[in-house]
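Visitor: Would you mind keeping the following structure in view while I ask a few things?
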Amino acid sequence: MDCIEHIVTVHWPHRVIFTDQVFDPGNPVLTDLLRAGVTTGAGKALFVLDQALVSARPDLEGAITNYCTAHRDQLPLAVSLRVSPGGEEAKHSWTHVLALHAVMAELGLDRHSFLVAVGGGAFLDMAGLAAATAHRGVRHLRLPTTTLSQCDSGVGIKNAINACGKKNFAGTFCPPFAVVNDFSLLATLPPGHKRAGYAEAVKVACIRDAGFFAWLERQTPVLREFDPEAMRALIHRCAELHLAHIAGAGDPFELGSARPLDFGHWAAHKLEQLTGFSLGHGQAVAIGLALDVVYSRLRGFLAPAQSERVLGLLEGLGFRLFAAEVLQPGRAGRLALLDGLEEFREHLGGRLTVTLLREIGSGFETHEMDPGCILQAIEELRLRDSTRQDAPAGS
């Protein structure tokens with residue numbers, strides 16, 4: 001056998017920029033990023049906006065146009081705007097990815113052009129996949145507009161759509177040119193969408209930072225009321241912890257079987273499917289976290305007091321820890337939720353690896369999950385939820 005082998009090393013900067021009022025003509029962040037990316041001739045930029053965001057912010061298209069007009073002498077760019085459906089609808093098929101491909105082809109975008117996506121996490125997943133697969137990679141600028149995406153999905157390097165009946169089945173790993181977290185873009189979010197990102201904050205605190213977890217406990221009353229400064233601090237620390245893991249944990253493209261940042265997600269992803277995605281990702285993650293925390297305690301890994309702290313924090317932030325779909329029957333009398341373990345194993349590449357807790361701030365990996373113990377954890381959470389639902393108001 002004759003073999004030629006070289007190690008190919010790729011260096012990708014991965015940056016998240018925090019700002020306010022990114023489309024204010026006096027804010028140079030967007031101009032600086034676009035100018036830095038134009039290295040050959042006159043570039044082009046396609047701004048694609050989440051339909052739900054445009055509905056909530058009818059002034060947004062005009063604000064972007066005014067911004068680009070105000071900076072036209074500094075931006076050697078031809079700028080176009082499009083609106084596309086967001087939410088899980090954006091990820092249900094290839095339809096919207098292919099529609100963006102058609103627009104990029106029509107406008108003549110090339111590898112030195114930008115796709116600037118402004119929207120929530122599912123929308124950014126879809127737009128990122130379109131950018132990564134057009135010309136094998138058009139520069140992608142992300143502007144997340146939900147707490148969840150500014151904390152977690154929008155600052156990552158994954159792009160995907162749902163396919164073949166599975167969540168995130170078709171996708172890529174491709175770091176964006178940059179992520180811009182503009183806190184002012186969260187202003188029109190309804191309470192449930194503001195809260196959703198808190199679940200990812202609890203997740204990353206549980207497995208990475210006991211000090212951050214304690215801070216979340218102390219800040220629970222003001223976070224529940226969506227205090228702006230507390231939310232800013234939560235988003236910043238979440239993004240910081242996620243980027244540190246991606247850059248420093250040694251497996252940014254998840255070639256191995258461990259995915260600690262998916263703590264609580266094996267159940268969450270399946271629960272989203274079982275509800276037809278009517279249950280939001282943040283609420284599904286909260287239930288998934290609760291399930292794995294109780295499981296960790298039942299198996300003797302996690303002390304009862306620490307388990308109660310996690311459950312109490314999730315409830316204190318406004319999450320329920322159970323949904324009726326958890327008990328939906330599947331094949332051969334088995335709960336459909338348990339199929340999530342097999343799907344998670346498949347998604348990981350062949351070996352089941354689930355992150356559990358030994359203590360707050362420190363996760364560990366297991367390759368086996370006891371179905372009987374999972375059922376016991378589910379029943380405990382069902383009883384806990386029914387008790388809380390029956391409690392007098394204010395209790």
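Visitor: If R₀ is 41 angstrom, what is the calculated FRET efficiency for the pair LEU327 and PHE226, using the beta carbon separation as r and rounding to 0.05?
Guide: Step by step, r from the Cβ atoms, then E = 0.80.
Visitor: If you don't mind, there's one more thing I want to ask. Translational D (Stokes-Einstein, µm²/s) of the stretch 16-186 at 10 °C and 1.306 mPa s when Rh comes from the Kirkwood sum over C-alpha pairs?
Guide: Approximately 101 µm²/s, per Stokes-Einstein.
Visitor: Just add up the charged neighbours of GLU325: K/R +1, D/E -1, any other residue whose Cβ is under 10 Å from the Cβ of GLU325.
Guide: Cβ neighbours under 10 Å give a net charge of 0.
Visitor: Right, another one. Where is the GNM fluctuation largest for the chain (alpha-carbon springs, 10 angstrom cutoff): GLY264, GLY62, GLY316?
Guide: Maximum among the listed residues: GLY62.
Visitor: Using R₀ = 25 Å, calculate the FRET efficiency as 1/(1 + (r/R₀)^6) where r is the Cβ-Cβ separation of HIS236 and ALA78; round to 0.05.
Guide: The calculated FRET efficiency here is 0.15.
Visitor: Are there cysteines in the chain with no second cysteine's Cβ under 4.7 Å away, and if so, which?
Guide: Taking the Cβ cut-off of 4.7 Å, the unpaired cysteines of the chain are CYS3, CYS68, CYS164, CYS174, CYS206, CYS373.
Visitor: Same structure again: Could you pull out the trypsin sites (Lys or Arg not before Pro) across the stretch 268-346 that fall in loop regions by DSSP (anything but H, G, I, E, B) with no more than 12 other Cβ atoms inside 10 Å?
Guide: Within the stretch 268-346, the qualifying trypsin sites (Lys or Arg not before Pro) (loop, at most 12 other Cβ atoms within 10 Å) are ARG334.
Visitor: Could you grab the Rg to Rh ratio for the stretch 110-255? Cα atoms only, Kirkwood for Rh.
Guide: 0.99
Visitor: Further question: Around PHE226, under 12 Å between beta carbons, what's the net of Lys plus Arg minus Asp minus Glu among the other residues?
Guide: Spelling it out: positives minus negatives among the neighbours equals +1.
Visitor: So if R0 is 25 Å, what FRET efficiency would SER278 and ARG299 give, r being the distance between their Cβ atoms, rounded to the nearest 0.05?
Guide: For R0 = 25 Å, the calculated efficiency reads 0.20.
Visitor: Same structure again: Please work out how much length the chain gains when fully extended from ARG320 to ALA247, using 0.36 nm per residue of separation minus the C-alpha to C-alpha distance, in nm with one decimal.
Guide: 23.0 nm
Visitor: For the stretch 302-355, which chymotrypsin sites (Phe, Trp or Tyr not before Pro) are both in a DSSP coil and crowded by at most 11 other Cβ atoms within 10 Å?
Guide: Nothing satisfies the criteria.
Visitor: How would you rank CYS373, CYS68, CYS164, CYS174, going from fewest to most other Cβ atoms within 10 Å of each one's own Cβ?
Guide: Ascending number of Cβ neighbours within 10 Å: CYS164, CYS373, CYS174, CYS68.
Visitor: Compute the signed sum of charges (Lys and Arg +1, Asp and Glu -1) over the other residues within less than 14 Å, Cβ to Cβ, of HIS112.
Guide: +4
Visitor: Looking at the square roots a ≥ b ≥ c of the eigenvalues of the Cα gyration tensor of the stretch 254-361, which shape do they give, rounded for a/c under 1.5, prolate if a/b is larger than b/c, or oblate?
Guide: oblate
Visitor: For the stretch 16-186, what is the relative contact order in percent, using Cα pairs closer than 8 Å and at least 6 residues apart in sequence?
Guide: Once normalised by length, the contact order is 26 percent.
Visitor: A further question follows. Compute the Cα gyration tensor for the stretch 85-145, then decide on rounded, prolate or oblate, letting a ≥ b ≥ c be the square roots of its eigenvalues: rounded whenever a/c is under 1.5, prolate when a/b is larger than b/c in the other cases, and oblate in all that remain.
Guide: Taking the square roots of the gyration eigenvalues as a ≥ b ≥ c, the stretch 85-145 is oblate.
Visitor: Give me the Kirkwood hydrodynamic radius of the stretch 300-340, using the inverse of the mean 1/r over all pairs of distinct Cα atoms, in Å to one decimal.
Guide: Answer for the stretch 300-340: a Kirkwood hydrodynamic radius of 12.4 Å.
Visitor: Right, next: Which length gain, in nm to one decimal place, applies between SER93 and GLN21 when the Cα-Cα distance is subtracted from 0.36 nm times their residue separation?
Guide: Result: 22.6 nm gained on full extension.
Visitor: Sticking with this one: In which sequence would PHE114, PHE301, PHE169 go, from the one with the fewest C-beta neighbours within 10 Å to the one with the most?
Guide: Taking fewest neighbouring Cβ atoms as first place, the list is PHE169, PHE301, PHE114.
Visitor: State the label only: which of (i) 0.96; (ii) 0.98; (iii) 1.04 corresponds to Rg/Rh (Cα atoms, Kirkwood Rh) computed from the shown model?
Guide: For Rg/Rh (Cα atoms, Kirkwood Rh), the calculated option is (ii).
Visitor: Next question. Figure the gain on full extension for ARG111 and ILE4 (residue separation times 0.36 nm, minus the Cα-Cα span) and round it to one decimal in nm.
Guide: Once the chain is fully extended between ARG111 and ILE4, it gains 35.6 nm.
Visitor: Sort the stretch 259-317 into rounded, prolate or oblate with this rule: let a ≥ b ≥ c be the square roots of the eigenvalues of the Cα gyration tensor; rounded if a/c is under 1.5, and if a/c is not under 1.5, prolate when a/b is larger than b/c, oblate otherwise.
Guide: prolate
Visitor: Hey, another quick one. For each pair in LYS44/LYS91; LYS91/LYS167; LYS158/LYS203; LYS158/LYS194; LYS166/LYS203, compute the distance between the two Cα atoms and list the pairs where it is over 20 Å.
Guide: From LYS44/LYS91; LYS91/LYS167; LYS158/LYS203; LYS158/LYS194; LYS166/LYS203, over 20 Å: LYS44/LYS91; LYS158/LYS194; LYS166/LYS203.
Visitor: Please identify the helices of the chain, taking whole runs of DSSP H, that span at least 27 Å along their own axis as judged from the Cα atoms and have a mean Kyte-Doolittle score of -1.0 or higher.
Guide: Once both thresholds are applied, what remains is 228-248, 371-390.
We did not get these values from a lab; they are worked out from the coordinates using the rules stated. Note that this is a predicted model, so its numbers are computed, not measured. Backbone-built Cβ (ideal geometry, glycine too); neighbour counts: all protein chains shown.
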